[in-house]
Amino acid sequence: MVGNIWAQIQEFDESLFHLINEKWANPWLDLILPWTREKLIWVPLYVVLVFYWVRKYKMQGFYWVLILAALVGLSDLISAHFIKIYVHRLRPCQNLHWLHPIISRIPCGTGFSFVSSHASNHFTIAAFTAIGFRKRLSWLEPCLYLWAGLISYAQVYVGVHYPLDVLSGALLGLVIGWTGAYFTWRHYPSQELTS
């Protein structure tokens, strides 16, 4: 029974991967999406975020930066060094039994697939930042989740993750980010953010 349900989930996951990776492809996405998942592309955004927090909120902002860095480290540790090693799911581009053609838009990589560390790490950043600035900058919240979602979608599009990998990674990141935000804003609240 459980094996049958898992087989159906895996079949749906592979079918959705096939749609995203091959059927929904176009030259514009081929150009843009491989870049969106590159870590160095977003360094300017991280620098602006750190600069803004520290400049505007001083020592309090510096604590938030340290906490967010620790949360991303925790997300990466759990996803890459616990879940992936325990589950051992091959990446789509490594799967020799795959029936459909796979378009590998970047080098495949050597690690396992489930869960996506890209998804968990970026959703951790998005959730923590969105919760912290929800009252002051409400427009920022959907932008952050769309940003993390785009990076996660790109992981499937380029051929290195299945949709279930990125959805599970996103869920892990949301839990870590929301939990971290809850405790952070309780212990290091800012009147400007919470009023």
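Data overview
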item	result
Net charge of Cβ neighbours under 13 Å - reference ILE103; Lys, Arg +1; Asp, Glu -1	0
Cβ crowding within 10 Å averaged over residues, with 124-130, 162-168, 78-84 ranked highest first	124-130, 162-168, 78-84
Nearby lysines by direct alpha-carbon distance to LYS39 (threshold 27 angstrom, same-chain neighbours under 8 apart not counted)	LYS23, LYS56, LYS58, LYS84
Between region 1-48 and region 126-187, the alpha-carbon center distance in angstrom	16
Tensor-based shape of the chain (alpha-carbon gyration tensor, a/c under 1.5 rounded, otherwise prolate or oblate)	prolate
Where labels lie 7 Å past Cα in the beta-carbon direction, separation of PHE183 and TRP24 in nm	3.5
Net +/- balance of residues flanking TRP178 in space, Cβ distance below 13 Å, scoring K and R +1, D and E -1	+1
Value of [θ]222 nm, deg cm²/dmol, for the chain, DSSP H segments ≥ 4, -39500 (n - 2.57) each, nearest 500	-22000 deg cm²/dmol
Across the chain: Cys residues that no other cysteine approaches within a C-beta distance under 4.7 Å	CYS143
Gain in span if fully extended, VAL48 to LEU137, counting 0.36 nm per residue against the direct Cα distance	30.5 nm
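Coordinate-derived values only; no laboratory data. Since this is a predicted model, take the numbers as computed values, not measurements. Neighbour counts are summed over all protein chains in view; Cβ atoms, including those assigned to glycine, are modelled from backbone coordinates with ideal geometry.
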